[in-house]
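The values are calculated or read from the model by the stated rules, or taken from the named source; none is laboratory data. Quick caveat, the model's predicted, so the values are computed rather than measured. All Cβ positions, glycine included, derive from the backbone under ideal geometry; neighbour counts span all protein chains shown.
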Amino acid sequence: MIESCKIIIYSNILKLFGLLVCILALCIIPAMASDDKHVGDGYTSIFNGKDLTGWHLLDVPETSNYHTVKGNFFVKDNAIHCTQMESRNGALLISDKKYNDFELVLEIKSDWGCDSGVFLRTNEKGKGIQILNDYLKHGSIGFPYQRDSEISVHFITPDESAAIEGVSQDVAGNSLVYAIDAAGWNKAWKTNDWNQLKIRMVSGKPTITTWLNGTKVMEYRGRKSKKAEGTPGHIALQVHPGNRWKGGYARYRNIAIKELTN
């Protein structure tokens, strides 16, 4: 009788232990799967936080100033680290999948002096539309790169301890229908911390809107773009070529995308 009771008690303890394990698993596994709050809200993660599965290096000749090598991109502490090599070449890490209209969210954190960016509707030659992540003097974050035009806000200080100043008065000339002012940008930006950048891209010309930590930065209704008009393309992370890159790493994590349909 006593032995029978012992067996029943032991069996119940095992069942209770198993139940506790299941409860803990249900609580822990979703948190481990992704830190990105957008995943499961119509967004799909495109970076697993462990390696570069789902991404590939730009494949161009060694003579190109965007000749990309493995050392340009690696994963550490659940983030993609981007850096320039001794050659001073630029580099691109390209998503395997193409996208047309979408919302992209990602967290960014760069060392001061890094000249990086997010390329949209990129082709395998490295041509696309760039949203700047230039964390250095005369750089800008959250605005599109446009050759021969003035970016609306830019850093004018020599280090990361101070924020940005200056707003271009020629917003319309930059194809911008909205641009945040310097005070608004400074309020949104978190120095020496991770910042979330959200990019919405729709239509052929295209229309691009960006947000920084939930604050709208700009809305661009572009001129016709031979690089990306009306065609799907890849997402890409950039290392800028040349001497503007002063060292350190541009980091990206929690990268997720929601494809949009008309």
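Among the residues of the stretch 221-262 satisfying the criterion of being assigned to a loop (DSSP other than H, G, I, E, B) and of a type in the set (A, V, I, L, M), which is modelled with the lowest pLDDT?
Ala228
Look at the stretch 209-220 and say how many of its residues are closer than 22 Å to Gly126 by Cα and either in a loop (DSSP other than H, G, I, E, B) or modelled with pLDDT under 95 (or both).
Summing the residues that are closer than 22 Å to Gly126 by Cα and either in a loop (DSSP other than H, G, I, E, B) or modelled with pLDDT under 95 (or both) in the stretch 209-220 gives 1.
List the strands (runs of 3 or more DSSP E) inside the stretch 87-126, counting only whole elements, that have at least 2 residues being under 20 Å from Val69 (Cβ atoms).
On the way: elements: 91-99, 102-110, 114-122.
The strands (runs of 3 or more DSSP E) meeting that bar are 91-99, 114-122.
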